[in-house]
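Each reported figure results from applying straightforward, stated rules to the coordinates on display, with no laboratory input. As the structure is a computational prediction, the values presented were derived from the model and not from experiment. Cβ placement follows ideal geometry from the backbone for every residue including glycine, while neighbour counts extend to all protein chains displayed.
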Amino acid sequence: MSAALVAAALAAAGVAFGAWVDATQAVAWVIGVGFGLTLYHAAFGFAGGFRRLLAEGRGASLRAQMLLLAVLVLAFFPAIEAGQILGAPARGLVFPAGVATVVGALLFGIGMQIGGGCASGTLYTAGGGDARMVLTLLAFIGGATLAAWGGEWWMGWPAWPAMTLQDLLGVWPALALSLAVFAAVFLGSAAWERRRFGSVVPLPLAGGSVLRGPWPLLWGVAGLALLSVATLWALGRPWAITAPFPLWGSAAIGALGWDEPSFWPYWEDPTRVEALFRPILADRTTAMNLGLMGGAALAAVRAGRFAPRLRLRPGEAAGSLFGGVLLGVGAVMASGCNISAYVSGIASGSLHGWLWILPGLAGNWIGLRLRPFFGLDRAG
């Protein structure tokens, strides 16, 4: 496959989005392509990073995440407080934090390790030609739709109202506390790794090819930070991924005549109901997700690694299906995934983002121990 042909197709899709929807939709597509290129070339996957941390004790990926979060809170907190960034409206991703957040994050963490990826990881590896992750993505959408269908069961669970650290402490104390936590995790991870192995895996700034990869993790941090700020400016809110998954599945169920999702309590929520009645391709996050997959495909072709493997071992397929369903159910219940809850939630100061990470890590720990039941290596 020619990289020029893929690039031309991506450009044409961007023009089509702009003509059919509006210029902002085209910008969302372009930002999504940038995310796909960055995630693929930097191999910036949360599931693999958590696996190396929990199975091997290596925390380079975790330290890169702390740097990313530090940059984002420095950019986001003042912008969200001001209600604008570079003259454009800006708000955070802030959701209630409660029992559903904890249960959903736990399920999502288990699914990350069994299904083989997180939300961003599933999209960029599927776009890069990994057939197993395409199956995980389909199950992810199915699980998210299942959670939306069953919303009446879990949506009433106890929760605190949507709230931020800024609401509790003020902007600057909240920013200082967040940076202190990131620094403590960064330094603690390095100290633990040094004690265990006698050395610390570095985060080099140089290395790799800009066009072909692989990129150092710090390049990934810089790229994701810039694109996240661009998302806040262009769309008025931080980067999100999983919100369209129940939308895609619900639309399919409605189109097939299996049920009427507009009567599900999940879609009766006034913050969601409008999305169900708009064309799917008019959804901003849908455009970004499709662009992300396209950007990853371009990166894989450019790197000479786009070679889909269509045959899966039974255990791999079962893990993708089971893990993908857990990812979808968990993301919807927790009001977000590793991106919209953990990264963008914490970058917004949302308590639900801070509440997500510990059960999310616990779920990853459980998922690691379940991987052998699916014929998957704990460290692979």
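Structure notes:
- Local electrostatic count, Met155, Cβ distance below 15 Å [Lys/Arg +1, Asp/Glu -1]: -2
- Shape class of region 1-78 from the Cα gyration tensor (axes a ≥ b ≥ c, square roots of the eigenvalues): oblate, since a/c reaches 1.5 or more and a/b does not exceed b/c.
- Pairwise label distance in nanometres, Leu177 with Phe373, each label 7 Å out on the Cα-Cβ vector: 3.8
- Cα shape, region 69-177, gyration tensor, a/c 1.5 rule: oblate
- Shown for Cys337, Cys118: other C-beta atoms within 10 Å of each C-beta, ranked fewest to most, produce the order Cys118, Cys337.
- In terms of surrounding Cβ atoms within a 10 Å radius of their Cβ, Trp215, Trp153, Trp264 rank from fewest to most as Trp153, Trp264, Trp215.
- Two-site label geometry, Arg309 and Ala16: point separation in nm, points 7 Å out along Cα→Cβ: 3.1
- Between Leu256 and Trp192, the FRET efficiency from the beta-carbon distance, with R0 = 51 Å, is close to 0.50.
- For region 138-150, putting each phi into the Karplus relation 6.51 cos²θ - 1.76 cosθ + 1.60 with θ = phi - 60° gives couplings of 4, 5, 4, 4, x, x, 5, 5, 4, 5, 5, 4, x Hz, in residue order, rounded to whole numbers and with x for Gly and Pro.
- With a Förster radius of 22 Å applied to the beta-carbon distance between Leu169 and Gln84, the computed FRET efficiency rounds to 0.50.
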